[in-house]
């Protein structure tokens with residue numbers, strides 16, 4: 001499938017930003033997303049190909065503007081919704097609930 | 001907060017164990033990283049028989065040192081020489097040999113690197129401060145879900161007397177991706 005993820009050869013995407021002594025996870029939530037990948041994979045909710053495809057189906061503008069682990073989060077939400085495990089409404093409600101409780 | 005909500009829901013449904021997530025994070029942050037790949041390179045520099053096995057069947061030879069598993073199931077090792085320099089990318093996403101190099105840096109997963117390195121590898125190497133003579137052929141390897149690449153860098157001059165452990169110290173992550181050369185030790 002040809003899509004925005006197929007970046008090889010594209011012009012004009014700017015310089016390569018390098019970071020010395022880069023940590024694996026820049027923020028705590030990135031590590032949680034990474035760990036959940038194993039959990040969801042281990043549970044058999046989806047396989048790696050479905051996961052990758054869910055990223056490739058992202059809106060092209062959103063794909064380019066969001067970070068790597070945001071892509072992963074997007075894929076989780078898409079796949080868990082499609083498999084009937086967690087609906088977007090359910091997730092919104094839980095997020096609101098946690099916000100109100102002042103949790104971060 | 002969105003991530004927290006997702007983890008909480010999965011946990012409430014009994015689908016995710018938060019302590020298992022802690023374990024995965026700790027494992028990658030402490031045990032799995034480019035020191036593994038450096039050990040492979042140092043062994044190949046020190047032991048010609050190992051090097052031959054490594055280039056013949058990367059997956060098996062790397063597993064001899066105990067490095068195998070997720071995102072390293074099929075490995076191919078490409079050797080730099082005086083006439084060939086190899087660089088690895090994943091244009092479609094972020095495929096990378098986790099057991100030997102750990103998790104990829106942000107630049108490896110970024111649109112600028114993925115788009116440009118296949119079109120203008122010399123320009124990209126230049127951004128990384130690597131200038132190669134025109135006589136050196138540059139080969140760019142596009143990783144995929146099944147097959148991952150590891151670059152076997154050139155052994156620097158003046159290292160004949162170094163032990164395998166000392167050699168491993170010289171080998172950097174970027175030299176095994178192909179965006180750096182291994183520098184000779186400061187004398």
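Values in this text are rule-based calculations from the coordinates and carry no lab data. Remember, it's a predicted structure, so these values are computed and weren't measured experimentally. So basically every Cβ, Gly included, is an ideal-geometry build from the backbone, and we count neighbours across all protein chains shown.
Here are the numbers for the structure shown:
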| read-out | value |
| --- | --- |
| Computed over chain B: relative contact order in percent, which uses C-alpha pairs under 8 Å that are six or more apart | 26 percent |
| Residues B:161, A:59, B:17, sorted so that the one with the fewest Cβ neighbours within 10 Å comes first | B:161, A:59, B:17 |
| Antiparallel %, DSSP beta bridges [both residues in the range B:32-187], to 5 | 0 percent |
| Tilt relative to chain B, helix B:34-46 - C-alpha long axis, 0 to 90 degrees, to 10 | 30 degrees |
| Cα centroid separation - the range A:1-47 against the range B:36-107, whole Å | 20 Å |
| Ranking of A:10, B:176, B:75, B:1 by count of other Cβ atoms within 10 Å, fewest first | B:1, A:10, B:75, B:176 |
| Theoretical FRET efficiency, 1/(1+(r/R0)^6), r = Cβ-Cβ of residue B:76 and residue A:24, R0 25 Å, to 0.05 | 0.55 |
| Rg over Rh [alpha-carbon atoms, Kirkwood Rh] for the range B:125-167 | 1.06 |
| Cα gyration tensor category, rounded, prolate or oblate, for the range B:54-104 with a/c compared to 1.5 | oblate |
| Max mean-square fluctuation residue, GNM over chain B, Cα-Cα springs under 10 Å, options B:54, B:15, B:162 | B:15 |
| Label zone at residue B:23, where the point sits 7 Å out along the Cα-to-Cβ direction: the range B:66-109 residues whose backbone N lies under 17 Å | B:70 |
| Rg over Rh, two decimals, the protein assembly as shown (C-alpha only, Kirkwood Rh) | 1.00 |
| Fully extended contour minus Cα-Cα distance, from residue B:169 to residue B:154, at 0.36 nm per residue | 4.0 nm |
| With 5 Å bins from 0: P(r) over chain B, alpha-carbon pairs, percent | 1, 8, 15, 18, 18, 15, 10, 6, 4, 3, 2, 0, 0 |
| Angle between chain A longest axis and helix A:88-100 axis [Cα atoms, degrees, rounded to 10] | 80 degrees |
| Neighbour-count ranking [beta-carbon atoms within 10 angstrom, fewest first] of A:67, B:110 | A:67, B:110 |
| Using alpha-carbon coordinates, inclination of helix B:2-12 to the longest axis of chain B, degrees | 60 degrees |
| The range B:80-152, Cα convex hull volume normalised per residue, Å³ | 90 Å³ |
| Convex hull (Cα only) mean projected area of the range A:24-104, reported in nm² to one decimal | 6.0 nm² |
